[in-house]
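Working notes for the structure below.
The values are calculated or read from the model by the stated rules, or taken from the named source; none is laboratory data. Source: prediction; values computed, not measured. Every residue, glycine among them, receives a Cβ derived from its backbone with ideal geometry; neighbour counts consider all protein chains shown. With ligands, DNA and RNA removed, areas are computed over all heavy atoms of the protein, side chains included. Shrake-Rupley method; radii C 1.70, N 1.55, O 1.52, S 1.80 Å.
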Amino acid sequence: MIEEEKNNYSVFHGLWTLASRELKKWYKAPVILLLSLIQPIFWIGIFGKAMNLGSIFTGTSYNIPGLTIPKQVLDQIGLEILKQTFGTSDYFSFLAAGMLSFIVLFTSMQSGMSIVWDRRLGVLDRILTTPVARGNIIIGKVLSAVIRSLVQATIVLVVAILLGMTFYPGINPLDFLGVYAALFLMAFGLSSLFLMLALRATSWESQMAIMNLLNLPLLFTSNAFYPVKSMPYWLKPVAYINPLTYSNGVARGLLLGISTNLGLDFLYLGLFALILSTIGIVLSWKYLSK
């Protein structure tokens, strides 16, 4: 019994050792840490405010010959259009909730690069000579990417609040925990995906090409900027298999009170994380070699 407990402990200890090694390369490098913290601030501060569609529908007046419409009426019409389209009259809040998944996507993409550099620098060969399970090599890198993603998502959320993001009136701490649970599952699945794609990569150029091929399609085929109902019919099926769509649904449902099917969202994200991490572990046993 004691021996079994020691073995279980060694498994988890090795897992956290690998994860903490990746995290140290992040928080012990001042420049990298600073840039990773500034990046989400730029995204939400500059990009978020620049795409604030609310200013298009409100705060303006129209001169129609022979017709006088009070500005307050036009603003009310504009707010109603926004609410009917996005589920809220505050487009910045709609976009800010989507930016949480956006930054998680871009942070998770970097996870695959670590295994490419470990292979090129010979670090992977040294790790493979240790008793650590090969599956733990993948999961350790996934955990470090998830932690970095959640930290940056927190920064995005704080900056969004400072810039004017508003929540629905009945929000409570459990809603925030639900959002982080969804982001955790999405980050876990996406990190597993990009690590899986990098298992046989020997050059950073090929991995960068894969990242550039997938990042923007994943972003723009989700509901990060506009609801799925506004997409053309041929794009909607793609959006419904995109994990960002479900993560955004949870964030907007719990933070903004926009109607969504939380049960379906969490089920999809849970299966997404479970399936991709399982495939990643299986492939690590096949392709990671000494």
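Could you tell me which of the residues 161, 139 is of a type outside the set (S, T, N, Q), buried (at least 18 other Cβ atoms within 10 Å of the Cβ) and within 25 Å of residue 250 (Cα to Cα)?
Exactly one of 161, 139 is of a type outside the set (S, T, N, Q), buried (at least 18 other Cβ atoms within 10 Å of the Cβ) and within 25 Å of residue 250 (Cα to Cα), namely 139.
Could you identify the single residue in 240, 233, 180, 226 that is of a type in the set (Phe, Trp, Tyr), closer than 26 Å to residue 267 by Cα and touching a residue at least 60 places away in the same chain (Cβ under 8 Å)?
Testing whether each residue is of a type in the set (Phe, Trp, Tyr), closer than 26 Å to residue 267 by Cα and touching a residue at least 60 places away in the same chain (Cβ under 8 Å) leaves just 226.
When you scan segment 189-216, how many residues do you find that are closer than 23 Å to residue 267 by Cα and not polar (S, T, N, Q)?
Result for segment 189-216: 6.
Considering only segment 150-173, how many residues are farther than 21 Å from residue 22 by Cα and in a helix (DSSP H, G or I)?
8
Answer yes or no: is there a residue in segment 153-173 that is of a type in the set (S, T, N, Q) and under 19 Å from residue 269 (Cα atoms).
no
Sort through 98, 78 and tell me the only one that's at pLDDT below 75 and open to solvent by less than 40 Å² (accessible area, probe 1.4 Å). Lay out the reasoning, then the answer.
On the way: 98 fails: at pLDDT below 75.
The unique qualifying residue is 78.
Take segment 156-178 and flag every residue that is modelled with pLDDT of 90 or more and under 26 Å from residue 276 (Cβ atoms).
Listed by number, the residues that qualify are 157, 176, 177, 178.
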